[in-house]
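Inspection log for the structure reproduced underneath, given as structure tokens.
The values are calculated or read from the model by the stated rules, or taken from the named source; none is laboratory data. Only a predicted model underlies this, so the values are computations on that prediction, with no experimental measurement involved. In this analysis, Cβ positions are derived from the backbone assuming ideal geometry, glycine residues included, and neighbour counts consider all displayed protein chains. SASA here: full protein model, heavy atoms, side chains in, ligands and nucleic acids out. Shrake-Rupley method; radii C 1.70, N 1.55, O 1.52, S 1.80 Å.
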Amino acid sequence: MFISIFGIKNLTTAIGGGWGVSLLAISLAYFVVLDAVKVFVFRMWSFELTVKLWPTRARKERLRHKKERLIVEERVGRNVARVRAVSKAIYAANAFAKAGRRELPR
């Protein structure tokens, strides 16, 4: 940026501060617009879309493995939630039993 504003003797011509700031402003505007487009595209894009647009045997196989893995993870998550619920119930029962064994001060 400094090189374009001030120039280098016998190499580049100086464009001045006004033009330099306008270049920065234009660059910032393009950055904001293109970043918004990029975020929108990333939200819409998925591996399933890639498989639909460019179906290859390897991509189809990878998608099938991903879906199978997701089913297994959901099942494991449900089982872990059940085990946690049971362990909380056991912990509460032990706490009540321990509290019942203590004698209350008179």
Would you check if there is a residue in region 59-66 being assigned to a helix (DSSP H, G or I), closer than 30 Å to PHE2 by Cα and open to solvent by 90 Å² or more (accessible area, probe 1.4 Å)?
no
Restricted to region 20-53, and to residues that are surrounded by 12 or more Cβ atoms within 10 Å (Cβ to Cβ) and in contact with a helix residue (DSSP H, G or I) (Cβ under 8 Å, 6 or more places away or on another chain), which residue is farthest from LYS66 (Cα to Cα)?
GLY20
Please enumerate the residues belonging to region 2-19 that are in contact with a helix residue (DSSP H, G or I) (Cβ under 9 Å, 6 or more places away or on another chain) and open to solvent by less than 90 Å² (accessible area, probe 1.4 Å).
SER4, ILE5, THR12, ALA14, ILE15, GLY16, GLY17
